[in-house]
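Student: Following this message is one structure expressed as structure tokens.
What follows is calculated from the coordinates using simple rules that are stated; it is not laboratory data. Just so we're clear, the structure is a prediction, and the values are computed from it rather than from any experiment. Don't worry about glycine lacking a Cβ; one is built from the backbone with ideal geometry, like all the others, and counts go over all protein chains shown.
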Amino acid sequence: MQVSSAPDQSLPTRRGGRPRSPESRPDRATVRFTKIEYLAVKRRAATARLTVAEYCRQAVLTGRVTPTLDPAALPALHEMRALANTLNQLVNQARGDGMRSVAIKADGLLDQLTKLLAT
């Protein structure tokens, strides 16, 4: 009779279900807060649109917290990207046509940017 001291490492222990995320975080650190401290951290996390865990993780690892983008700002961001594309095309056109035609188009683009940033 043979007694094995360790299970066979070549066999997978998990049979089915959802595969583990490549960003799984098996290690943990526990932090204790007073009620007031926890409410302050929770409020700051909500302001940054992050979970408390993600807020604490960013604060500890980088010393600063990068908030997530506000969904209400997405249309303005898309419009600014389109204007940046247009500006890039104008710069490329300036190399070929000359500066006079670009100046007229750039003025219109600046007016659009000014209106967008005013809202």
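Student: Taking K105 as the anchor, which lysines have their alpha carbon closer than 27 Å to its alpha carbon, excluding any fewer than eight residues away along the same chain?
Tutor: Filter leaves K115.
Student: Working out 0.36 nm times the residue gap between A29 and V52, then minus their Cα-Cα distance, what length gain in nm do you get to one decimal?
Tutor: Values: separation 23, 0.36 × 23 = 8.28 nm, distance 1.34 nm.
Computed gain between A29 and V52 is 6.9 nm.
Student: Considering only DSSP states other than H, G, I, E and B, which trypsin sites (Lys or Arg not before Pro) in segment 24-58 qualify as loop sites with at most 10 other Cβ atoms within 10 Å? Working shown, then result.
Tutor: Numbers: sites: R28, R32, K35, K42, R43, R44, R49, R57; in loops: R28, R32, R49.
When the trypsin sites (Lys or Arg not before Pro) of segment 24-58 are filtered for loop state and at most 10 Cβ neighbours within 10 Å, R28, R32 remain.
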